[in-house]
Amino acid sequence: MKKIDDLSFEELERTIVEIGEPKFKTKQIFDWIHSKTVDDFDGMLNISKKTREVLKSNFEFTKASIELRLESKLDETKKYVIMFEDGNVVESVFLKYKFGNTACISSQVGCKMGCLFCASTKNGYQRNLTSAEMLKQIYLIQKDTKEKISNVVIMGSGEPLDNYDNVLNFLRLINDEKGQNISMRKITLSTCGVVPQIYKLAEEGIPITLAISLHAPTQEKREEIIPISKKYKLHELLEACDYYAEMTGRRLTFEYIMIKGFNDSHEDAQLLSELLKNKLANVNLIPCNYVKEANTKPSNNFEIEKFKKVLVDNGINATVRRELGSDINAACGQLRNNFLKM
């Protein structure tokens with residue numbers, strides 16, 4: 001049976017007509033699902049009982065629930081383990097900033113990419129999330145916090161560009177003015193560098209922010225910590241990034257995890273400066289989280305600031321990511337990993 005919350009407005013409209021209901025009801029139904037975020041047909045109060053019964057016989061809702069929530073004592077960050085109807089779980093995060101509330105969501109259950117420093121990949125890949133399962137993370141967070149989400153980052157478990165079609169449908173659903181109406185410019189998608197899909201995304205005409213998990217200034221070092229870089233070389237990735245910037249006019253973010261003794265030297269900073277010279281880009285320096293299986297340690301604050309100064313002195317925009325919720329399983333994927341061991 002079709003999942004009604006996985007359909008775009010146009011798909012829903014076509015299906016509504018196919019089952020013999022008037023086309024105008026599509027807008028009412030879509031509003032209940034994606035604006036009011038109901039999760040059952042009986043909650044659609046301005047839809048006739050007859051139509052609700054027809055909907056029940058043709059569609060079902062995607063089911064999801066919050067299984068675990070942790071709240072930071074340091075700030076207002078909340079981390080969630082969200083379970084789907086097949087028993088699989090993902091991790092999502094609610095973050096408060098001066099500019100608004102951000103939801104960090106997952107795009108896959110687990111991850112195939114195998115990046116050395118990431119906890120999300122340690123339990124392996126299970127499956128892609130559907131568009132509705134991505135939406136559910138946001139809808140559940142909004143209901144739990146009673147606050148509106150204004151920004152979305154697809155930076156939880158999974159490689160979004162490895163789940164391209166579902167992620168693209170999610171982007172269009174969350175942006176739909178008849179639903180949550182979150183601006184594409186307030187959405188960031190993080191990828192470790194699936195080059196063909198970056199070109200494909202550039203052609204879609206959707207001005208989201210693309211964040212590249214770079215994490216090393218050379219091909220050799222990148223191969224040590226990001227396996228996919230053996231398939232898509234650094235120069236190929238940067239060419240794809242240039243194309244994306246040209247097609248969208250959007251500044252790219254290059255994420256750079258600071259790993260003590262590996263990629264945090266003065267020489268590394270100089271090499272990174274040369275790599276990104278004259279690019280429409282911002283470098284986001286991220287203190288490495290401790291991941292037991294990886295045995296990686298974060299650079300200290302002094303080392304990070306020195307590294308940042310080299311970049312800035314070379315004309316590269318650079319920021320240090322503000323750590324939120326560091327007292328509640330700081331590493332992405334750690335909360336899910338701990339939940340699975342319960």
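Quick notes on this one:
- Count - residues of region 48-62 that are in contact with a Phe, Trp or Tyr (Cβ under 7 Å, 6 or more places away or on another chain) and buried (at least 16 other Cβ atoms within 10 Å of the Cβ): 2
- Subset of region 27-43 [touching a Lys or Arg at 6+ places or on another chain (Cβ under 9 Å) and either in a helix (DSSP H, G or I) or assigned by TED's automatic domain parsing to the domain that holds Asn181 (or both)]: Lys27, Phe30, Asp31, His34, Phe41, Asp42, Gly43
- Summed over region 245-261, the residues that are surrounded by fewer than 22 Cβ atoms within 10 Å (Cβ to Cβ), among the hydrophobic types (A, V, I, L, M, F, W, C) and either free of Cβ contacts under 8 Å to residues at least 24 places away in the same chain or out of contact with any Lys or Arg (no Cβ under 9 Å at 6 or more places or on another chain) (or both) give a count of 1.
- Filtered residues of region 205-224 (kept if in contact with a helix residue (DSSP H, G or I) (Cβ under 7 Å, 6 or more places away or on another chain), in a helix (DSSP H, G or I) and buried (at least 17 other Cβ atoms within 10 Å of the Cβ)): Arg222
- Hits in region 83-142 (condition: crowded, with 18+ Cβ neighbours inside 10 Å, at pLDDT 95 or above and in a helix (DSSP H, G or I)): Ser131, Ala132, Glu133, Met134, Leu135, Lys136, Gln137, Ile138, Tyr139, Leu140, Ile141
- Looking at Lys56, Lys36, Lys63, just one residue is at pLDDT 95 or above and over 24 Å from the mean Cα position of the chain (by Cα), and that residue is Lys56.
- Any hit, region 265-286, residues being crowded, with 16+ Cβ neighbours inside 10 Å, modelled with pLDDT of 70 or more, assigned by TED's automatic domain parsing to the domain that holds Leu252 and within 30 Å of Glu67 (Cα to Cα): yes
- For region 66-81, the candidate set comprises residues that are acidic (Asp, Glu) and in a strand (DSSP E or B); within that set, the residue that is modelled with the lowest pLDDT is Glu71.
- Any hit, region 180-189, residues being assigned by TED's automatic domain parsing to the domain that holds Tyr244, closer than 25 Å to Lys308 by Cα and in contact with a Pro (Cβ under 7 Å, 6 or more places away or on another chain): yes
- Scanning region 123-144 for residues that are closer than 19 Å to Leu7 by Cα and among the hydrophobic types (A, V, I, L, M, F, W, C) turns up Leu129, Ala132, Met134, Leu135, Ile138, Leu140.
- Note on region 187-204: residues that are part of a loop (DSSP other than H, G, I, E, B) and either of a type outside the set (Gly, Ala, Ser) or without any contact (Cβ under 8 Å) to a residue 24 or more places away in the chain (or both) amount to 4.
- Cβ separations smaller than 8 Å between residues 6+ apart or across chains give no pair from region 286-306 residues that are over 18 Å from Glu255 (Cα atoms) to residues that are modelled with pLDDT under 80 and among the β-branched types (Val, Ile, Thr).
- Scan region 205-228 for residues that are of a type in the set (D, E, K, R) and in contact (Cβ under 8 Å) with a residue 24 or more places away in the chain and the total you get is 2.
The values are calculated or read from the model by the stated rules, or taken from the named source; none is laboratory data. All values derive from a computational prediction rather than experimental measurement. Virtual Cβ from ideal backbone geometry, glycine too; neighbours counted across all protein chains shown.
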